[in-house]
Amino acid sequence: MSKVHVKMTINGRPIEALVEPRTLLVHFIREELGLTGAHIGCETGHCGACTLDIDGMSVKSCTMFAVQADGAEIVTIEGMAAPDGTLHALQEAFREHHGLQCGYCTPGMIVRAHRLLQENPNPTDDEIRAGIAGNLCRCTGYQNIVKAISHAAATLRGAPIQEAAE
Ligand code: FES
Ligand code: FES
């Protein structure tokens, strides 16, 4: 199958590659670029483990082809921490508040939460729950995930921490 030339920016780094038109974006990111933080849970658009931030939107990267991302600005979980390795407030909050167990959903959950907080820096718990409705977690129940996102939101706003309702 003839390959297509694509260019995109991933975590601030320009990328150029030749890809087969049938290659899913999540496979390209993981297998060609080695960015394996985005996980593959279902490959049918249901679980959200493969969520990436693409041109300012949360996108399940198993639902699009790599060629469709030509020209896009993409952020993956690998782009969340600072260059010196300091964790993003969301990563720190998930660690601190036990927002993960096996961690399979976590990259997609954090990338999604990051966009949610860009759109709504001070969400209620219900708004957080609605905001992550497309991301499934098989392990934790969602209480600590909501709590972690709420704490990260407060940290990012520089606001006093308010405990999420149990
Ligand atoms: Fe993409 Fe589940 S792997 S939504
Ligand atoms: Fe295991 Fe969410 S922590 S699926």
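The values are calculated or read from the model by the stated rules, or taken from the named source; none is laboratory data. Being a predicted model, the structure only gives us computed values, none of them experimental. Counting neighbours? That spans all protein chains shown, and the Cβs are built from the backbone with ideal geometry, glycine included.
Of all residues in segment 1-58, those satisfying the criterion of being within 16 Å of ligand 2 (Cβ to nearest atom) and aliphatic (A, V, I, L, M) are ALA38, ILE40, ALA49.
Just one residue in the set HIS114, HIS98 is away from ligand 1 (no atom under 16 Å from the Cβ) and touching a strand residue (DSSP E or B) at 6+ places or on another chain (Cβ under 7 Å); that residue is HIS114. Within the span defined as segment 11-19, every residue fails to be free of Cβ contacts under 8 Å to residues at least 60 places away in the same chain and within 13 Å of the chain's Cα centre (by Cα). Beta carbons closer than 8 Å, at least 6 apart along the sequence or on distinct chains, never pair a first residue in segment 110-139 that is at pLDDT below 95 with a second that is among the basic types (Lys, Arg) and surrounded by 17 or more Cβ atoms within 10 Å (Cβ to Cβ). In summary, helices (runs of 4 or more DSSP H) completely within segment 61-166 and bearing 3 or more residues that are within 16 Å of ligand 2 (Cβ to nearest atom) and surrounded by 16 or more Cβ atoms within 10 Å (Cβ to Cβ) occur at 89-96, 106-119, 143-157. I need the full set of residues from segment 40-60 which are within 10 Å of ligand 1 (Cβ to nearest atom) and surrounded by fewer than 20 Cβ atoms within 10 Å (Cβ to Cβ), in order please. ILE40, GLY41, CYS42, GLU43, THR44, GLY45, HIS46 - these are the residues of segment 40-60 that are within 10 Å of ligand 1 (Cβ to nearest atom) and surrounded by fewer than 20 Cβ atoms within 10 Å (Cβ to Cβ). The residues of segment 7-31 that are in contact with a Gly (Cβ under 8 Å, 6 or more places away or on another chain), surrounded by 15 or more Cβ atoms within 10 Å (Cβ to Cβ) and assigned to a strand (DSSP E or B), listed by number, are MET8, ILE10.
Do any residues in segment 42-61 that are touching a residue at least 40 places away in the same chain (Cβ under 8 Å) and within 9 Å of VAL26 (Cβ to Cβ) have Cβ atoms under 7 Å from those of residues that are in a strand (DSSP E or B) and within 7 Å of ligand 1 (Cβ to nearest atom), where the two are at least six apart or on different chains, and which pairs are they? Hits for this filter: CYS50/LYS60.
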